[in-house]
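This report refers to the structure that appears directly beneath it.
The values are calculated or read from the model by the stated rules, or taken from the named source; none is laboratory data. Since we're looking at a predicted model, the values are computed, not measured. Positions of Cβ are backbone-derived with ideal geometry, glycine not excepted, and every protein chain shown enters the neighbour counts.
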Amino acid sequence: MDRIAPHIHVTSHRVSPSQRARGAPVHPRTRRFAPTRAEAAEVREALSGAIARPWTLGDFAEMVHLSTKQLSRVFVDAYGKTPLAYLTMLRVEEMARLLRETDLTIEQAGRQVGWHSRNRASDAFRQATGMTPSRYRRLRITKEQRSS
């Protein structure tokens, strides 16, 4: 081990596209741009139109007549993340909007975007934004107080 250890390079971050695609649901920073396949666009439209639906990868694959593996590959090439990671991103964005613009509880906002558990909604929100939904809402209230 002492002979090969100096030649092994380990990074602290994920490097392959598939590893990045399964990471936290954030907008892709760097990726190659290629024409979007119709299948990927169709799945994206379905996701955007019904984020609260309990989607599965099999639902998408059946919709566009691809295997789940091929669909994931096509979607990652087009949007930089898997369909389910993209769905999580859309849900977090909508939940953030609901927390900013309404007085819904965290649980109600989470249910409205498709999460049936307050804990799941809070965990996904915190993972994507780096702060809890409660703290996010307090930031809005603090900004409103400063501006008045």
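Data table
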item: Any hit, the range 104-120, residues being in contact (Cβ under 8 Å) with a residue 24 or more places away in the chain, small (G, A, S) and under 20 Å from A46 (Cβ atoms); result: yes
item: Pairs with Cβ under 7 Å, 6+ apart, first in the range 67-80 and over 14 Å from T56 (Cβ atoms) and in the same structural domain as E42 (by TED's automatic domain parsing), second among the charged types (D, E, K, R) and assigned to a loop (DSSP other than H, G, I, E, B); result: V74/R37; A78/R37; G80/R31
item: Residues located in the range 34-56, provided they are within 20 Å of Q112 (Cα to Cα), of a type outside the set (D, E, K, R) and in a loop (DSSP other than H, G, I, E, B); result: A50, I51, A52, P54, W55, T56
